[in-house]
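Trainee: Please read through the structure below; I'll follow up with questions.
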Amino acid sequence: MRDLDQMTEMARKVSDLYAARFGIERDATWYLGKMTEELGEVTSAYLSLAGQTRKPGDKQALEEEVADLLGFVLLFAEWQGIDAGAAFERKWGADLT
């Protein structure tokens, strides 16, 4: 299992390759647009899996879309100088102490 820093580094490397290959400028519009796109794809994959669309879904498709969304959330956090792990612990862990 990888920690968030390792996952963020992996996401950055893939994003760097993608940006170089397709000439993409990663700005606010790109980061926010990609997160929105991936959330839509998570929703679509879930609805298909739940039998709420005309096309059948499968668990692997949902897992892959969740992975894409997580990757873009990690990229956005890094771009904004946010330590996603520390922010998560501070926000979600507050009720556990």
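Trainee: Anything in region 57-67 that is assigned to a helix (DSSP H, G or I) and either of a type outside the set (D, E, K, R) or within 23 Å of residue 32 (Cβ to Cβ) (or both)? List them, or say none.
Mentor: Initially, region 57-67 is screened for residues assigned to a helix (DSSP H, G or I), giving 59-67.
Of everything in region 57-67, those that are assigned to a helix (DSSP H, G or I) and either of a type outside the set (D, E, K, R) or within 23 Å of residue 32 (Cβ to Cβ) (or both) turn out to be 60, 61, 62, 64, 65, 66, 67.
Trainee: Still on this structure, please answer the following. Could you give me the residue pairs with C-beta distances under 6 Å whose first residue belongs to region 40-67 and is polar (S, T, N, Q), whose second residue is part of a helix (DSSP H, G or I) wherever it lies, and which are 6+ apart or on separate chains?
Mentor: Note: pairs meeting the criteria are 53/47.
Trainee: Restricting region 68-93 to residues that are of a type in the set (Asp, Glu) and either assigned to a helix (DSSP H, G or I) or in contact (Cβ under 8 Å) with a residue 60 or more places away in the chain (or both), which is nearest to residue 29 (Cα to Cα)?
Mentor: Step one: of region 68-93, the residues of a type in the set (Asp, Glu) are 68, 78, 83, 89.
The next check asks that each one be either assigned to a helix (DSSP H, G or I) or in contact (Cβ under 8 Å) with a residue 60 or more places away in the chain (or both); those that pass are 68, 78, 89.
Working: 68: 17, 78: 15, 89: 28 Å.
If we take residues in region 68-93 being of a type in the set (Asp, Glu) and either assigned to a helix (DSSP H, G or I) or in contact (Cβ under 8 Å) with a residue 60 or more places away in the chain (or both), then 78 is nearest to residue 29 (Cα to Cα).
Trainee: Oh, and also: Would you point out the residue of region 37-88, among those that are more than 18 Å from residue 2 (Cα to Cα) and among the aromatic types (Phe, Trp, Tyr), that is least open to solvent (accessible area, probe 1.4 Å)?
Mentor: For region 37-88, the residue satisfying everything is 76.
Trainee: Oh, and also: Please give the number of the condition residue 11 fails out of (1) open to solvent by 70 Å² or more (accessible area, probe 1.4 Å); (2) hydrophobic (A, V, I, L, M, F, W, C); (3) part of a helix (DSSP H, G or I).
Mentor: All conditions pass for residue 11, except number (1).
Trainee: Residue 26 passes all but one of (1) modelled with pLDDT under 95; (2) under 27 Å from residue 3 (Cβ atoms); (3) not in a helix (DSSP H, G or I); which number fails?
Mentor: Of (1) modelled with pLDDT under 95; (2) under 27 Å from residue 3 (Cβ atoms); (3) not in a helix (DSSP H, G or I), only one is false for residue 26: (1).
Trainee: Next up: Taking region 21-36 as the region of interest, how many residues are of a type outside the set (Val, Ile, Thr) and open to solvent by 80 Å² or more (accessible area, probe 1.4 Å)?
Mentor: Narrowing region 21-36 to residues of a type outside the set (Val, Ile, Thr): 21-23, 25-28, 30-35.
Still in the running and open to solvent by 80 Å² or more (accessible area, probe 1.4 Å): 21-22, 25, 32.
Selection size over region 21-36: 4.
The values are calculated or read from the model by the stated rules, or taken from the named source; none is laboratory data. What you see is a predicted model, and the numbers here were worked out from it, not measured in a lab. We place every Cβ from the backbone using ideal geometry, glycine too, and count neighbours over all the protein chains shown. Calculation scope for accessible area: heavy atoms of the full protein, side chains included, ligands and nucleic acids excluded. Shrake-Rupley method; radii C 1.70, N 1.55, O 1.52, S 1.80 Å.
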